[in-house]
Amino acid sequence: MKPIKGGNERRKLALISLIDVVFILLIFFLVSVFFSSLPNEERKLFLPTPKNEPGSAQVLIQLIDDESFFYIDPLVTETLVNDITIIDNRGGSLAEKRNVLLRRCTFPMRDERSGLNNLVEKINGLIDHANLHPEEEYFVIIRCPGELPYRKVIELIQLLGRATYKNIQYGCVGGTISDIRGSKKIEKRLVPEEGQMRKNVIIEF
Amino acid sequence: MLKKILGIFFAVLFVVFLVIYVYRAVVLSGIPIEDADLGNIVEEAPPPARPGTQSLILTGPLIKPLVFALNMRTPGMRSLDWSALNDVDFTADVRVTAKVGEDGALKFNPLDDVYCPGHAKAGEMIGNVMRSWTYSPYKTGTIVFRYNVGAVGKKLTIDVSKLRRREGVDPDTPLKDGLLYFIDGGLKGGEVKIKTW
C-alpha cells in the first residue's frame, strides 16, 4: 500500500478485506444450504436439548445429606410393586405409598455395626451383578440436591465406572428428597416385554 | 472510478449478505420472527426440565410367567401307558372329574368321579395312574379328563375352564398352561384337546 501523499490524495478503499469477508459469507451460505435442505426432524438432531419426560432407570440414587441416602434397585422395585398392589387393593392413600417408599428405600450412609459406607456397598453389589450379567444394561439416575458438593456425585460416577463391561450408564440431575416426600403420584405399571412381564414404579414429583 | 464502483458494489453485497445471514439464522432456529427478539426475558427463563427432574420410571426385573403343569418331580408319579390301555379296552370311554387342591394334588373319588359305564377295567387303570399326578400349585378348581380310546381324532380332552388362579399367587404374573397329562405309548399331541372355555 502506497503512503498517502498530501491532503489532496484520495483515500484508498480497503477492498481486499471487504472481498475476504464477502467470500467468507459466500462459503458460509454454500455450506448452510446443506443444513437448510434437511427436513425439520433431522435439523433438530443438531440441537440436542433435554426433553421434559420421565427419567427411566433401573436404579435411583437420591443423595439426601452426609448422613443418609435414598436408593431403589430392581429388586426393591419388585417389592414396591407388591406393596403398591396391596395398598391399592385396600383403597390406601398416596401418603401411605409415600411412607412405604421412604421407609423401604432410605438408608443411613454409615452402617452402625460394620462402619462401612452403605451406599458404596450397594453400588459394589450393583457392579458385581452387572459383571455377572454383561448382556444386561443398567441405567442409574443420580439426584443430588444443590446444597451438597458435586464431588459426591463425581465419587459415585467413579465407582460406577468400575463395571468391567461398561454396562452401567448414568445420568445426573438436581433434586431433593422433598420431591419424593411430596410426590403427586406413585403407581405401578406392568409392561409386557418379550413374553414376560416387567413391573415398573412411576413416581411423579 | 472503477475501484469506487467496485467498492460500492462489494459494500452493498456485504450488507445484503449480512441481512440474509441474520434472516437465515432466525429461520433455521425455528423461532417465529416476531419472537426472535428475546429482550430481557432471557435472564428470567427457567432451566429446561430434564428427564428425572419431574418424574421417574423405575424399571423392575423381568418376571417370568408361571406355568401350571404336572410337577414331574413328585415322587412316585406314574405315566399312563396308552398302548396298554388300548390292549385292555380299545373302545374305552372314561371321564374323570377331579379337583386340583391348594397343594396341586389331583383329588378324586375312584367310585364317584370316574365315570366309565361298561369300561370298568380301563376306568380303574386310568384312576390308579391319575391318583399319582400332582400339578404346580398355581391353580385350583375342577379339571375334567375324557379318555376316548376308540375315537378318531381327539382321543383325550382335558377341560381346564373351571380352574382358577390360586389365592396368593401374584395376580400380575402371567400364568400359562404347560404339560397337563403324563401319557406314554402312542398318544400323539394332535389327539389331545385342551378345553379352556
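The values are calculated or read from the model by the stated rules, or taken from the named source; none is laboratory data. Note that the structure is predicted; figures quoted are calculated from it, not measured. As a convention, Cβ positions derive from the backbone with ideal geometry for all residues, glycine included, and neighbour counts pool all protein chains shown.
Quick check on segment A:164-175. Is at least one of its residues among the small types (G, A, S) and either more than 9 Å from chain B (Cβ to nearest Cβ) or farther than 26 Å from B:Q54 by Cα (or both)?
Step one: filter segment A:164-175 for residues among the small types (G, A, S), giving A:171, A:174-175.
This time we only want the ones that are either more than 9 Å from chain B (Cβ to nearest Cβ) or farther than 26 Å from B:Q54 by Cα (or both), so: none.
No.
Keeping to segment B:138-175, report how many residues are buried (at least 18 other Cβ atoms within 10 Å of the Cβ) and within 26 Å of A:N200 (Cα to Cα).
3
Going by the structure shown, is B:E124 among the acidic types (D, E) and exposed (fewer than 14 other Cβ atoms within 10 Å of the Cβ)?
Values: among the acidic types (D, E): yes; exposed (fewer than 14 other Cβ atoms within 10 Å of the Cβ): no.
No: the conditions fail for B:E124.
Do you know which residues across segment B:157-176 are within 13 Å of another protein chain (Cβ to nearest Cβ) and under 18 Å from the mean Cα position of the chain (by Cα)? Lay out the reasoning, then the answer.
If we filter segment B:157-176 for residues that are within 13 Å of another protein chain (Cβ to nearest Cβ), which is where we start, we get B:167-176.
The answer is B:V169, B:D170, B:P171, B:D172, B:T173, B:P174, B:L175, B:K176.
Answer yes or no: is there a residue in segment A:195-205 that is under 20 Å from the mean Cα position of the chain (by Cα), at pLDDT below 90 and within 14 Å of chain B (Cβ to nearest Cβ).
yes
Those residues that are closer than 12 Å to A:I19 by Cα and either within 7 Å of chain A (Cβ to nearest Cβ) or not in a helix (DSSP H, G or I) (or both), I need them from segment B:1-16; list them, please.
As a first pass, look at segment B:1-16 and keep what is closer than 12 Å to A:I19 by Cα: B:6-14.
The answer is B:L6, B:G7, B:F10, B:A11, B:L13, B:F14.
Can you pull out the residues in segment A:76-92 that are buried (at least 16 other Cβ atoms within 10 Å of the Cβ) and more than 11 Å from chain B (Cβ to nearest Cβ)?
A:D83, A:I87
Would you mind finding the one in B:G123, B:G127, B:G168, B:G104 that is modelled with pLDDT of 90 or more, under 30 Å from B:P65 (Cα atoms) and not hydrophobic (A, V, I, L, M, F, W, C)?
Values: B:G123 fails: under 30 Å from B:P65 (Cα atoms); B:G127 fails: under 30 Å from B:P65 (Cα atoms); B:G168 fails: modelled with pLDDT of 90 or more.
So the residue among B:G123, B:G127, B:G168, B:G104 that is modelled with pLDDT of 90 or more, under 30 Å from B:P65 (Cα atoms) and not hydrophobic (A, V, I, L, M, F, W, C) is B:G104.
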